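Notes for the one structure printed next.
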Amino acid sequence: MIVDVLTWLQQPGLSHFLIVSAIVFALGLYAILTRKNAIMVLMGIELILNAANINFLAFSRYSTHSLDGHIVALFVIILAAAEVAIGLAIVLNIVQNFNTANVDEIDRLKE
Amino acid sequence: MTPDTLILLSLFVWFLPLGNFVLLIFFHRRIPRNGDWIATSVVFGTLVLASIILVSKFMLYQADIIQTNVRWIDFKVLHGGSPLGVELGILIDNVAAIMLTVVTLVSALVHLFSIGYMRGDVRYGRYFAYLGLFTFSMQGIVLTNNFFLLYVAWELVGLSSYLLIGHWFEKQSASDAAKKAFVVNRFGDVGMFLGILILYATFHSFRFDVVFNGIRSGIFPGGSEPWLTIAGVLIFCGAIGKSAQFPLHVWLPDAMEGPTPVSALIHAATMVAAGVYMVTRTFAMMTGDALLVIAYTGAFTAFLAATIAVVQTDIKKVLAYSTVSQLGYMIMGLGVGAYTAGFFHLTTHAMFKAGLFLGAGSVIHAMHYALHHQGDHHTDPQDIRTMGGLKEKMPITFWTFFIYTLAISGVPFTSGFLSKDEILAGTWAFAQLTGHTLIPIVAFSVAGLTAFYMFRLLILTFLGNHADDNRIQYIHESPHVMTIPLIVFATLSFFIFYSFNPFSAAGGWFAQLVKPPDFVVPSAMAATSPALFAETVHNVHLPAMLLSILVAGLGILGAFTTYYWKKIDANALAQKLAPIYKVLLNKWYIDEIYEYVVVNGTKRVSTILAWIDNTIVDGIVNGVAKLTVILTHGVRHTWTTRSIPALLYIVASALLSLYLGWEAMLTTLPETSSPMTVIQSGIVGVVVSALSFFLFYGGVGGFDAKIVDGLVNFVATLSGVLGLLLRRIQTGKVQTYILWALIGVVVLFIWFR
Amino acid sequence: MMRESIDVYTVLFYFFVSITLVSACVVVFSRHIVRSAFALLFTFFGVAALYVYLFADFLAITQLLVYVGGILVLILFGVMLTNKQINVDIKTGTLHIVPAIILAAAIGGTLVGIAWSNPWMVLPTSSSVKTTAPQIGELLLTTYLLPFEVASMVLMVALVGAVVIARREKNKKETTRDS
């Protein structure tokens, strides 16, 4: 059993990347769930997007020989940039309106 | 000019008006003059493009059908059948090229006219935006090669019609008319939708050619031929709604509440013709029975509307009923198999009817101005009884209106004569071939009626003396932006643009371009063979033409004797024929019948349902409650007074309890009884009888107080506690909700492991 | 005996994996938001290195340029702009930690389990490793032309939208004039 694990560790393959991605995903999820600060929530989202990208590229490398996964990852990066820009603008607006960046204190649609 | 270029051009024609809409709906306040010049010039640009398409189609690709397809949705192969998907595409055949030009021409001229007519309107920019939306939607109907886009564009057209009828939505009647148009059209569209679904379920494609080829190769919806008839008639239901045919024609006259140029564009020339256009598109798949339905619907509508138009006094209402009548004519023409004639009449009618409406708009504009100057706000500027004698003051409007009237009446040398003559000959030939003689009789009488009411309108509006001597001095001709479209439409109402032979369209470019498609339905089900039909039409053409001239002449003569020379007193005639006059004046009471049957019927059913709910359902519920109360109170009463009935009740309940115990004992006793089982059953019996006696005797009051109330209180407490718990969960915090959602995800993970 | 057979490639792989995971943990568990933001830099860097391991050179460069050069700077700006006005300490609070830990562990564990146990289809990799940039460029201008153009539209709309949203408060008094 231990020998199996060790040989598995010796040859990084598809599942290694998937596991790293799963851990990063879980960490991002945790950040989204627990952090009060909206910017921390945004960081959690970035972690999750990165985890997804690792998966796309891993499958593109090991399971197909096409570059479609690369393209999708590229679009994910593009959308992440747009999302962060908008997200931060919203956070700034919220800070101006509510005087806080904590998502749990923002519970009204209108001030 | 390759076919690809034509497709590209048609895309421009299609989408440029949409650009108008988007630009004007958002930015009309920031553009000088609210952007009317942009909208108008863009639509004139599309007119140029459409003419290029028509000419190159005529010159280069006369026999070709230019088509392009995009696979929009691909469902792959589902359930082992043939591949499912939705294809969108453009189809430019001769009919589409002609229709494209007609729509852009009318739309462009209406845009131009509106600049004058709508000047100073509160929602001037929005009006032009909606015109753009309408033109875009209409081109969608024209250019599509499949039922899917057809339906989408169909509904978009309905929407823009709704928006434009309700343009002056402050007026209650206008917003009501808009709603009526929308709702009435839905009735027809449901049928069309079902028809399309039947076809898609059978052929797994929305494309016209795929469906037609499928039918040609012997595949029928539902496996039987009557289903094809049903599908055809259902699709025709859409045309009944949009083209205002008999059961659903009621919305079109009311739609005259919209601005007059809109009536010209949508409710005379293009949108209402969409139904006719759709029938020409699906003509090939119509079975003989379906075509017969279509023919009779058209004939009846033509007759109904023509008789109503004779007595109307509102200038636009007369034209509206005339439109319904002429649409019936086209539908009838298609129904009898005169495909070319039906579509030809659509084209010529679009020209002179748009002109008629614009002319009416010019008159209303002038009347409105005059009444406004007089300080008269009560007289209706659309009532022809308050007009008369406008000929001298508005020469251009009069002469153009005169030409349109000649055209619609079917006087020789006009376009209307050519097309109407073709339809009449078609009905005659149809009657000869199949024996349906009612259709040509109706068709010829409607031709006479049309000439009569149109000249009545012309005489009452323009000839004679004006109703008010004071007012006539304020009347003046409309500005150039309004008269130029009138002149263009009047020019296009002459025969020369359609055929060089003033007495027959058969040799003209139109007949050369528009040839009836081959029926795809088996010959046994098709009405007649096109070749035989064409030959019969050729034979009856001359007598039909002479008869139609005669009938039109009679109608015109009648109108002049009655309203110009006043040889016949119209009012006396109306009194003499009071019952008929009243029926006609009230539009055959169709609105009233709908009010009575549909609206009141719904109310009646609702009342009955409400009565059932109130009396029977509630009665049972209340009755049970009351019975319980009576029983309980009665028992309590006897219990407290210890009267004879109380004793009786106790004795009776004791006996009943004993009986129940005995029954319980017997049922629990097994087949093979031993002493132990007998004792057990005896105990059960005793317990049951004791319990029931307790319930009867002391429990009736106590049971209610203790157990029932206890249960109710328990439920209340439980829900209270649950509510408190749930309130703890509902924090209003986003992350808590994410948490719960994720818990759901995990549960799904485990569930579908 | 096992150790000798591990090559540099594998060692470096685990090095980058550990950089990624440790810095991600710092991002998530640090109570100091600036520290989190800087740790995020290392996470992005580690992920970019993993991209290189996946033969995605172009994506790795893009990751560095866009994430490290763009997004991270934006986030830091956000941190500075938002915390200045509110409170002196820029620590952030947390809420419902226990259910979150259970959930994140459950989902992460499930994913790890799937990654570990599922027999993935693995094609034999081609021996020659080429640079991907030309092929990606070709794909973007042929098969993926429409999404590519749409993405450019999205970016522009996001840019304009961000400016509009972020500046709304200051313009409120001025906009009343021209509306």
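The values are calculated or read from the model by the stated rules, or taken from the named source; none is laboratory data. What you see is a predicted model; the values in this text were computed from it and never measured. Because the Cβ atoms are built from the backbone with ideal geometry, glycine has one as well, and the counts that use them run over all protein chains shown. These accessible areas exclude ligands, DNA and RNA; they are computed on the full protein's heavy atoms, side chains included. Shrake-Rupley method; radii C 1.70, N 1.55, O 1.52, S 1.80 Å.
For region B:456-483, the candidate set comprises residues that are part of a loop (DSSP other than H, G, I, E, B) and among the aliphatic types (A, V, I, L, M); within that set, the residue that is modelled with the highest pLDDT is B:463.
Any idea how many residues of region C:139-150 are closer than 18 Å to residue A:57 by Cα and not aromatic (Phe, Trp, Tyr)?
2
Mind listing whichever residues of region C:64-84 are at the interface with chain A (Cβ under 7 Å from one of its Cβ atoms) and either open to solvent by 70 Å² or more (accessible area, probe 1.4 Å) or at pLDDT 90 or above (or both)? Selection gives C:81 alone.
Only residues that are out of contact with any Gly (no Cβ under 7 Å at 6 or more places or on another chain), within 20 Å of residue B:289 (Cα to Cα) and surrounded by 24 or more Cβ atoms within 10 Å (Cβ to Cβ): list them for region B:216-253, please. Residues satisfying the conditions are B:221, B:228, B:232, B:236. When B:410, B:426 are screened for being among the small types (Gly, Ala, Ser) and at positive phi, only B:410 passes. I'd like to check something: does region B:281-288 contain any residue that is under 21 Å from the mean Cα position of the chain (by Cα), in a helix (DSSP H, G or I) and of a type in the set (A, V, I, L, M)? No, region B:281-288 contains no residue that is under 21 Å from the mean Cα position of the chain (by Cα), in a helix (DSSP H, G or I) and of a type in the set (A, V, I, L, M).
Of all residues in region A:57-76, how many are buried (at least 22 other Cβ atoms within 10 Å of the Cβ) and under 16 Å from the mean Cα position of the chain (by Cα)? Count: 4.
Among the residues of region B:22-42, is any under 25 Å from residue B:275 (Cα atoms) and either among the β-branched types (Val, Ile, Thr) or crowded, with 23+ Cβ neighbours inside 10 Å (or both)? Within region B:22-42, not a single residue is under 25 Å from residue B:275 (Cα atoms) and either among the β-branched types (Val, Ile, Thr) or crowded, with 23+ Cβ neighbours inside 10 Å (or both).
Condition check for residue B:173 on (1) more than 14 Å from the chain's Cα centre (by Cα); (2) at pLDDT 90 or above; (3) within 24 Å of residue B:245 (Cα to Cα): one failure, at (2). State whether the residues of region C:153-174 include one that is surrounded by 15 or more Cβ atoms within 10 Å (Cβ to Cβ), at pLDDT below 80 and either within 7 Å of chain A (Cβ to nearest Cβ) or in a loop (DSSP other than H, G, I, E, B) (or both). The answer is yes, given that some residue of region C:153-174 is surrounded by 15 or more Cβ atoms within 10 Å (Cβ to Cβ), at pLDDT below 80 and either within 7 Å of chain A (Cβ to nearest Cβ) or in a loop (DSSP other than H, G, I, E, B) (or both).
When residues of region B:185-205 are filtered for being touching a residue at least 12 places away in the same chain (Cβ under 8 Å) and open to solvent by 20 Å² or more (accessible area, probe 1.4 Å), how many remain? Show your work before the answer.
Taking region B:185-205 as the starting set, the residues that turn out to be touching a residue at least 12 places away in the same chain (Cβ under 8 Å) are B:185-196, B:198-205.
Now drop any that are not open to solvent by 20 Å² or more (accessible area, probe 1.4 Å), which leaves B:186-187, B:190, B:193-194, B:198, B:200-204.
Number satisfying all stated conditions: 11.
Put simply, of B:580, B:487, B:590, B:556 the only residue that is loosely packed, with under 15 Cβ neighbours inside 10 Å and out of contact with any Gly (no Cβ under 8 Å at 6 or more places or on another chain) is B:580. Can you name the residue in region B:389-416 that is among the aromatic types (Phe, Trp, Tyr) and part of a helix (DSSP H, G or I) and is also most open to solvent (accessible area, probe 1.4 Å) among such residues? If we take residues in region B:389-416 being among the aromatic types (Phe, Trp, Tyr) and part of a helix (DSSP H, G or I), then B:399 is most open to solvent (accessible area, probe 1.4 Å). Within region C:43-64, the set of residues being closer than 14 Å to residue A:73 by Cα and either among the aliphatic types (A, V, I, L, M) or not in a helix (DSSP H, G or I) (or both) comprises C:47, C:48, C:50, C:52, C:54, C:55, C:56, C:59, C:60, C:61, C:64. Looking only at residues of region C:38-63 that are of a type in the set (Phe, Trp, Tyr) and open to solvent by 40 Å² or more (accessible area, probe 1.4 Å), we find that the one that is nearest to the other protein chains (Cβ to nearest Cβ) is C:55. Name every residue in region B:31-46 that is assigned to a helix (DSSP H, G or I) and not hydroxyl-bearing (Ser, Thr, Tyr), in order of residue number. Answer for region B:31-46, where residues must be assigned to a helix (DSSP H, G or I) and not hydroxyl-bearing (Ser, Thr, Tyr): B:32, B:33, B:34, B:35, B:36, B:37, B:38, B:39, B:42, B:43, B:44, B:45.
Within the option set C:132, C:125, being at pLDDT below 90, facing another protein chain (nearest Cβ under 8 Å) and exposed (fewer than 12 other Cβ atoms within 10 Å of the Cβ) holds for one residue only, C:125. Under the condition of being touching a Leu at 6+ places or on another chain (Cβ under 6 Å) and either modelled with pLDDT of 75 or more or not hydrophobic (A, V, I, L, M, F, W, C) (or both), the residues counted in region B:500-535 number 1. Residues that are within 20 Å of residue B:11 (Cβ to Cβ), assigned to a helix (DSSP H, G or I) and touching a Phe, Trp or Tyr at 6+ places or on another chain (Cβ under 9 Å): does region B:109-130 have at least one? Checked against the condition, which is being within 20 Å of residue B:11 (Cβ to Cβ), assigned to a helix (DSSP H, G or I) and touching a Phe, Trp or Tyr at 6+ places or on another chain (Cβ under 9 Å), region B:109-130 yields no hits at all. Looking across region C:85-101 at every residue that is surrounded by fewer than 13 Cβ atoms within 10 Å (Cβ to Cβ) and hydrophobic (A, V, I, L, M, F, W, C), the one that is modelled with the lowest pLDDT is identified as C:88.
Scanning region B:95-127 for residues that are open to solvent by 20 Å² or more (accessible area, probe 1.4 Å), touching a residue at least 12 places away in the same chain (Cβ under 8 Å) and either under 22 Å from residue B:348 (Cβ atoms) or small (Gly, Ala, Ser) (or both) yields B:101, B:105, B:112.
Quick one: which of A:84, A:103 is aliphatic (A, V, I, L, M), open to solvent by less than 40 Å² (accessible area, probe 1.4 Å) and either within 8 Å of chain C (Cβ to nearest Cβ) or within 30 Å of residue C:138 (Cα to Cα) (or both)?
Numbers: A:103 fails: either within 8 Å of chain C (Cβ to nearest Cβ) or within 30 Å of residue C:138 (Cα to Cα) (or both).
Going through A:84, A:103 in turn, just one is aliphatic (A, V, I, L, M), open to solvent by less than 40 Å² (accessible area, probe 1.4 Å) and either within 8 Å of chain C (Cβ to nearest Cβ) or within 30 Å of residue C:138 (Cα to Cα) (or both): A:84.
Among the residues of region B:732-744, the one identified as at pLDDT below 75 and either open to solvent by less than 60 Å² (accessible area, probe 1.4 Å) or part of a helix (DSSP H, G or I) (or both) is B:732.
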